[in-house]
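Below: the structure, in structure tokens.
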Amino acid sequence: MSLTLRPHPPKTDGARRFLEGGAKPVLIGAEWSVLEQQFETWDPATGQHLASLSRAGAAEADAAVAAAQAALEGPDWAGMLPAARQALLWKIADLIDAHAEELSELESLDQGKTYATARFAEIPASAAQFRYYAGLATKIHGQTITPSIGYAPKGKQVMAYTRPEPIGVVAAITPWNSPMLMASMKLAPALCAGCTVVLKPAEETSLTAIRLVELMQEAGLPAGVVNLLTGHGHEVGDALAKHPGVAKVAFTGSTEVGRILLNSARGNLKKLTLELGGKSPAIVMPDADLSLSVPGVARGIFANSGQVCVAGSRIYVHRSVHDRFCEGLAAEATRLKLGHGLDPESDLGPLVSEAQAARVARYVDGGRAEGAEVIAGGAHLGGAFYAPTVVTHTRPDMALMREEIFGPVTAVTPFDSPEEVLALANDTEYGLAASVWTQDLSSAHRLAAGIRAGTVWVNCHSYFSPELPKGGIKASGWGVENNLAGLSNYLEEKTVCMVI
Ligand code: ADP
């Protein structure tokens, strides 16, 4: 089977106007400008050209960091009272909601995801980030401390207090899987903390970042607080990651680039938060309710065509229910209808690019050559489309089982005991997430404690909310996003100690 698709023009005036508006600019300070150097972005479902984008490099990185530094200290931002910052963040959320249809269309066209995924999950979740951190903007407080060691001269006292201060200029470097949400997860806490930002979206999917920054300006964000540079990772991304004026890099992307960033950041010892790859297990215990776990595990891998860092790409099923589970999962995979993201009939869209589909195919073909059995899918359907795929009879040393595929491919392996499944689940360099499917409380808590991962879900997979800390351990990253803990990555605490 091969998919041939007709173009799906957007329905909203906003998305249409945006796409017809010519080459897209960068934002440095208050100035939007279209650069001479450009690159292109395409609809991955049809290969249709969507827009030309400005290709920023080191010179633009210098200018954007300078603008962000000036804004960091400028009275409009540094002097803005917490309640005003709260109102601003809330207004950004309202504007995202008001433009949700247009943003969803752009996200679907540029990334390939279905309109429903954007409209009912990721765009509202982006607004939720701004609302959550709006609430926290008025709750950033230090401590007052009475030190126990008293070096004070006779008759004097020692007292101290702390000041949580914005860390400085943040370079936010984001990936292509959930572009608007990933950008919001960095912008909202950074602005809450009083930082300024240079945003560098993924080159494959920059459109919603541009619209988001336009909306932030419309909300009244002072000039220079958020700057936007589109361009390539090894050019402008690298320049930002090495820039001495950048205090922190907030990154989501591959473990490979995460490792590069460690080096790039060393010059001025930048702080880093790294949300990296995963190879997340889903564990189905013998007592699991299959009517919930089969579709739940299927969503955990196939949502967004598997281009989700926490995708459940290794499924371990108790031998007593293994065959029934495989049958159910293969049926779920086969049932999913692939098509254009803007076609309401589509359950899944294409991958982000033809190159990504070819990469996925290499993993599946490699596994097949080594003896894995494909029980659903296993076909490159042309262009950027790859069929939802379930494989069995894998070995733990296969690339398919060890490396992040970032596509709709999962492997099912049987197990016999909780000890065995824990060892299998933890047999990975990654530690991002996992899910456990069971009705038994003891199993749930014991496995949740034993799995080495940043998040463990029980009877669900890929459940996110701004309140829930999200981060990886081992090669899945450093630091967390979301929650108060996520905010603390954008603050540094100064201690003021005095003799009075
Ligand atoms: P993915 O696997 O999601 O494509 P990547 O890690 O390749 O993720 O890219 C994530 C983001 O990192 C993108 O915005 C990309 O442009 C950027 N990037 C890639 N290489 C570098 C680099 N050497 N320095 C800084 N940023 C980079």
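To keep it simple, each residue is scored yes or no on (1) assigned to a loop (DSSP other than H, G, I, E, B); (2) within 10 Å of the ligand (Cβ to nearest atom); (3) farther than 24 Å from E493 by Cβ; (4) modelled with pLDDT under 95.
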position	(1), (2), (3), (4)
M185	no, no, no, no
A188	no, no, no, no
C192	no, no, no, no
V197	no, no, no, no
L212	no, no, yes, no
P244	yes, no, no, no
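A single entry from S108, S126 fulfils the requirement of being touching a residue at least 60 places away in the same chain (Cβ under 8 Å) and in contact with a Gly (Cβ under 8 Å, 6 or more places away or on another chain): S108. Listed by position, the strands (runs of 3 or more DSSP E) inside segment 12-85 whose residues that are open to solvent by 60 Å² or more (accessible area, probe 1.4 Å) and either of a type in the set (F, W, Y) or without any contact (Cβ under 8 Å) to a residue 12 or more places away in the chain (or both) number at least 1 are 31-33, 38-42, 49-54. For R163, the criteria (1) basic (K, R); (2) within 21 Å of the chain's Cα centre (by Cα); (3) over 23 Å from T117 (Cβ atoms) hold in every case but one, which is (2).
Looking only at residues of segment 246-257 that are in a helix (DSSP H, G or I) and near the ligand (Cβ under 7 Å from one of its atoms), we find that the one that is least open to solvent (accessible area, probe 1.4 Å) is V257. Among the conditions (1) among the small types (G, A, S); (2) open to solvent by less than 60 Å² (accessible area, probe 1.4 Å); (3) under 30 Å from I260 (Cβ atoms), S488 misses just one, which is (2). Contact map, segment 245-262: first residue in contact (Cβ under 8 Å) with a residue 60 or more places away in the chain, second residue near the ligand (Cβ under 7 Å from one of its atoms) and of a type in the set (S, T, Y), Cβ cut-off under 9 Å, separation 6 or more or different chains; pairs are V249/S264; A250/T174; F251/T174; T252/T174; G253/T174. Being hydroxyl-bearing (S, T, Y) and under 17 Å from the mean Cα position of the chain (by Cα) is a property that holds for S126. Restricting attention to segment 385-438 and to residues that are free of Cβ contacts under 8 Å to residues at least 24 places away in the same chain and open to solvent by 40 Å² or more (accessible area, probe 1.4 Å), the residue that is farthest from E275 (Cα to Cα) turns out to be H393. Taking the criterion of being touching a residue at least 40 places away in the same chain (Cβ under 8 Å), over 17 Å from L487 (Cα atoms), under 21 Å from the mean Cα position of the chain (by Cα) and open to solvent by 10 Å² or more (accessible area, probe 1.4 Å), would at least one residue in segment 188-203 satisfy it? Checked against the condition, which is being touching a residue at least 40 places away in the same chain (Cβ under 8 Å), over 17 Å from L487 (Cα atoms), under 21 Å from the mean Cα position of the chain (by Cα) and open to solvent by 10 Å² or more (accessible area, probe 1.4 Å), segment 188-203 yields at least one hit. The strands (runs of 3 or more DSSP E) found entirely in segment 263-343 that carry 1 or more residues being under 28 Å from K248 (Cα atoms) and of a type outside the set (G, A, S) are 271-275. Among the residues of segment 153-165, at least one is among the acidic types (D, E), in a strand (DSSP E or B) and modelled with pLDDT of 95 or more. The set of residues in segment 264-282 being aliphatic (A, V, I, L, M), surrounded by fewer than 23 Cβ atoms within 10 Å (Cβ to Cβ) and either within 27 Å of A411 (Cα to Cα) or without any contact (Cβ under 8 Å) to a residue 40 or more places away in the chain (or both) consists of A265, L269. Scan segment 220-242 for residues that are outside any loop (DSSP other than H, G, I, E, B), over 16 Å from W176 (Cβ atoms) and open to solvent by 10 Å² or more (accessible area, probe 1.4 Å) and the total you get is 4.
The values are calculated or read from the model by the stated rules, or taken from the named source; none is laboratory data. For clarity, every value in this text was computed on a predicted model and none was experimentally measured. Neighbour counts are summed over all protein chains in view; Cβ atoms, including those assigned to glycine, are modelled from backbone coordinates with ideal geometry. Surface accessibility is based on the protein's heavy atoms, side chains included, excluding ligands, DNA and RNA. Shrake-Rupley method; radii C 1.70, N 1.55, O 1.52, S 1.80 Å.
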